[in-house]
C-alpha cells in the first residue's frame, strides 16, 4: 500500500499532472460540493517547491471558475424560483447585507461553509457577474497565499520521511 501511495504522490508531483489535478480539485471545491483544495495545493507545493506560484495561480483560476459556476447556478435557481413561487418580500439579513455590499462581498467567497453559498446568492441577486468574479479571484488568491504559504513555512514535509 505504501509503495502505491508513493507512486501516486510522485505522479501527482509531475507539473503536467499535478497542476491539472490542482485545477480540477479547486474547481470542484468551489461548487456547493464539500471538498477542500488547500491540502492538495499544499501537497503539490511540498512535492515540487518550484511550483509554488504556478500552483497558487492554477488553484485560484480553478476556484474562481468554480465560484463562477456557483454564481450561475444561483442565477438559474432564482429564475426557476420566480417562475413557480409566490412573491414574498425578501427580509433575510444575509440577502440585505449582500445587496448593500454588492460585488465586493464576493471577497469573502473563500470562507469555509459560507463562501460557496455566497457566490450562489450573488447570482440569485443578479449582482454584476464580472465584478463578482474579480472580487472572488482576489479573495481566493489571498486565501491560497496565506494558507499554503503558512503551511509551507510552518509544516515542512518531505515524502521520504
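The values are calculated or read from the model by the stated rules, or taken from the named source; none is laboratory data. Owing to the predicted nature of the structure, the values given are computational and were not obtained by experimental measurement. Positions of Cβ are generated from backbone atoms using ideal geometry, with glycine treated the same way; all protein chains shown enter the neighbour counts.
Summary table
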read-out	value
Members of the stretch 56-80 that are more than 11 Å from residue 119 (Cβ to Cβ) and at pLDDT below 95	76, 77, 78, 79, 80
Matching residues in the stretch 134-146 - criterion: being touching a helix residue (DSSP H, G or I) at 6+ places or on another chain (Cβ under 8 Å) and either farther than 15 Å from residue 45 by Cβ or surrounded by fewer than 17 Cβ atoms within 10 Å (Cβ to Cβ) (or both)	134, 135, 136, 137, 138, 139, 140, 142, 145
Condition met for residue 149 (over 16 Å from the mean Cα position of the chain (by Cα) and at pLDDT 90 or above)	yes
Test result for residue 131, touching a helix residue (DSSP H, G or I) at 6+ places or on another chain (Cβ under 9 Å), more than 18 Å from residue 62 (Cβ to Cβ), surrounded by fewer than 16 Cβ atoms within 10 Å (Cβ to Cβ) and at pLDDT 95 or above	yes
Top-ranked residue of the stretch 95-127 - restricted to ones that are over 17 Å from residue 30 (Cα atoms) and either touching a residue at least 40 places away in the same chain (Cβ under 8 Å) or touching a strand residue (DSSP E or B) at 6+ places or on another chain (Cβ under 6 Å) (or both), ranked as surrounded by the fewest Cβ atoms within 10 Å (Cβ to Cβ)	126
Checklist (1) under 18 Å from the mean Cα position of the chain (by Cα); (2) in a helix (DSSP H, G or I); (3) modelled with pLDDT under 95 applied to residue 98, failing item	(1)
Hey, residue 139 in a helix (DSSP H, G or I) and within 29 Å of residue 48 (Cα to Cα) or not	yes
Evaluation of residue 89 against (1) part of a loop (DSSP other than H, G, I, E, B); (2) at pLDDT 95 or above (one fails), failing number	(2)
Filtered residues of the stretch 15-37 (kept if within 24 Å of residue 119 (Cβ to Cβ) and surrounded by fewer than 17 Cβ atoms within 10 Å (Cβ to Cβ))	20, 24, 28, 32, 33, 34, 35, 36
Qualifying residue in the stretch 18-35 (condition: at pLDDT 90 or above and in a loop (DSSP other than H, G, I, E, B))	yes
Hey, residue 104 part of a helix (DSSP H, G or I) and closer than 17 Å to residue 69 by Cβ or not	no
